[in-house]
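The values are calculated or read from the model by the stated rules, or taken from the named source; none is laboratory data. Source: prediction; values computed, not measured. Cβ placement follows ideal geometry from the backbone for every residue including glycine, while neighbour counts extend to all protein chains displayed.
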Amino acid sequence: MAPPSDDINSSVLSRTGTGLIAHTVHDHEGHQASLADRFFARWFDRLVYTQIWEDPQQDIEALGLDAQSRIVTIASAGCNVLNYLSARPAAVLALDINPHHIALTRLKIAGVKALDRFDDFHRFFGEAQGLELLQIYQRHLRPALDDTTRDYWDRTRLGHARIEMFSRGFYREGVLGRFIGLLHRLCRLQGIDLTGLFDCRGVEEQAQWFDRTVAPLFARPWVVALCRSRTLLYSLGIPPRQYLALCDQDPGRMAAVLCERARRIATLVDWQLNPWAQQAYGRAYRSTDTRGWPLYLQSAHWDTLKQQIARVHTELGNFRQVLSQRPDQHFDAYVLLDAQDWMSARELDGLWREIDRTASARARVIFRTAGQDLPAPGLPAWVGERWVGDPEGGRAWLARDRSGIYGGFHAWRRR
């Protein structure tokens, strides 16, 4: 018998998810959605991320996670859902409007539950490439999945089951993974090998390599023009409403902004200690130092993952809707990723009213933004009466965030 699903709507996972994405992206204060919004909704209705692009070490510190913490977070690729378990919290609820991300998160949860050996788990989700992974799936992971998630990974698309992505190289898949692959090919056509980063020894050499090799590319007219393309940036997971925030309302600056973010990923720390630099510049985890792998892929945390995994639950839905079904003062930690960049003033007000109702007295909220400032509409005015921000802490956590792609890190706590 298949294990029960966490999500009461799992039998209509894909259909419901499509509707959630369309509603979330299209809701502009009741106005008709733009063509760009509609295009992005269709573009986003697939596997976008194969790894999350937020540094969990900063999240854990900013949230003050401990054994009493009840966390609610956007699932995305499921990495941080598992990473947070290293802090041994009381509970983690992972939600997402994207059914593909929910299916991936559930696959990772099944991996922790079903695999006895860390080496097998690391082989499957860390190296994530090889025909033998299909045998691991059939023998161990598949029986541990609920019916809907099993059907998702078994389902053929263009003649191949989705699980076969792991045999080909999972981190090269997804909208972002394929887009990174395209960037690598374009760079090679210009005589630039992005894997040259891994020949550098230390941050100083990495900075010199980037400034000499990669930075000049962003100044070329065709690259500047390409970076202005909103459609192209959809492949980075950047929706229409986030586009202008990313470039500070000036599309002509987009190439410079993207160059700065690419440089930050490449130079913030030694690449051996940065899994995001390894994926962006090498399309795989390459570090020989275990500290350079995501927390959930480090053997030191394996026993903790096994002990804590039953505390994780998943649900398909948007943040406000999921919170509306929970009791008062239920959560201590909220992780919104960059979702508020997508939202209108009305949506922000509805979300924060549910956060305020369900938050415990010690609750903290963290989120990121494409630009430096708060989401474009601004948080509702009443939020400042009941919550207090920590801009100094936010700047410090942003400066240490190894993913390097965001302009702002924001942390709020109950007054």
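Brief remarks follow.
- In the stretch 131-153, the condition of being polar (S, T, N, Q), closer than 20 Å to P99 by Cα and in a helix (DSSP H, G or I) is met by at least one residue.
- Only one of D250, D193, D289, D199 that is acidic (D, E), farther than 18 Å from G404 by Cα and in contact with a Cys (Cβ under 8 Å, 6 or more places away or on another chain): D193
- Taken over the stretch 166-190, residues that are free of Cβ contacts under 8 Å to residues at least 60 places away in the same chain and assigned to a helix (DSSP H, G or I) amount to 12.
- Residue within the stretch 132-143 that is acidic (D, E), more than 29 Å from F319 (Cα to Cα), crowded, with 16+ Cβ neighbours inside 10 Å and at pLDDT 95 or above present: no
- Flag: Q308 does not match the condition of being without any contact (Cβ under 8 Å) to a residue 60 or more places away in the chain, of a type outside the set (A, V, I, L, M, F, W, C) and within 21 Å of A87 (Cβ to Cβ).
- Looking only at the stretch 367-388, and only at residues there that are in contact with a Phe, Trp or Tyr (Cβ under 7 Å, 6 or more places away or on another chain) and touching a residue at least 40 places away in the same chain (Cβ under 8 Å), the one that is farthest from D328 (Cα to Cα): A370
- Of the candidates D59, D37, the single residue that is at pLDDT 55 or above, assigned to a helix (DSSP H, G or I), among the charged types (D, E, K, R) and surrounded by fewer than 23 Cβ atoms within 10 Å (Cβ to Cβ) is D37.
- Residue in the stretch 377-393 that is farther than 30 Å from Y281 by Cβ, touching a helix residue (DSSP H, G or I) at 6+ places or on another chain (Cβ under 6 Å) and in a loop (DSSP other than H, G, I, E, B) present: yes
- Taken residue by residue, the stretch 334-346 has at least one member that is part of a strand (DSSP E or B), out of contact with any Lys or Arg (no Cβ under 6 Å at 6 or more places or on another chain) and surrounded by 17 or more Cβ atoms within 10 Å (Cβ to Cβ).
- Search result, residues across the stretch 277-332 that are part of a loop (DSSP other than H, G, I, E, B) and closer than 30 Å to V214 by Cα: R283, A284, Y285, R286, S287, T288, D289, W293, P294
- So Y285, is it farther than 22 Å from T195 by Cβ, among the hydroxyl-bearing types (S, T, Y) and surrounded by 18 or more Cβ atoms within 10 Å (Cβ to Cβ): no
- Close pairs from the stretch 97-124: first modelled with pLDDT under 95, partner in a helix (DSSP H, G or I) and of a type in the set (V, I, T), Cβ under 6 Å, at least 6 apart: I97/I21; I97/T24
- Residue among A300, A359, A266 that is touching a His at 6+ places or on another chain (Cβ under 9 Å), at negative phi and modelled with pLDDT of 95 or more: A359
- Residues of the stretch 251-268 classified as under 30 Å from L297 (Cβ atoms) and surrounded by fewer than 16 Cβ atoms within 10 Å (Cβ to Cβ), total: 1
- Each residue in the stretch 298-324 was checked for being among the hydrophobic types (A, V, I, L, M, F, W, C) and crowded, with 21+ Cβ neighbours inside 10 Å, and 5 of them qualify.
- One residue stands out in the stretch 229-250 among those that are more than 13 Å from A370 (Cβ to Cβ) and surrounded by fewer than 16 Cβ atoms within 10 Å (Cβ to Cβ): the one that is modelled with the highest pLDDT, namely S229.
- When residues of the stretch 88-102 are limited to those that are assigned to a helix (DSSP H, G or I) and touching a strand residue (DSSP E or B) at 6+ places or on another chain (Cβ under 9 Å), the one surrounded by the most Cβ atoms within 10 Å (Cβ to Cβ): I102
- Any hit, the stretch 378-385, residues being closer than 23 Å to L95 by Cβ and either of a type outside the set (A, V, I, L, M, F, W, C) or modelled with pLDDT under 95 (or both): yes
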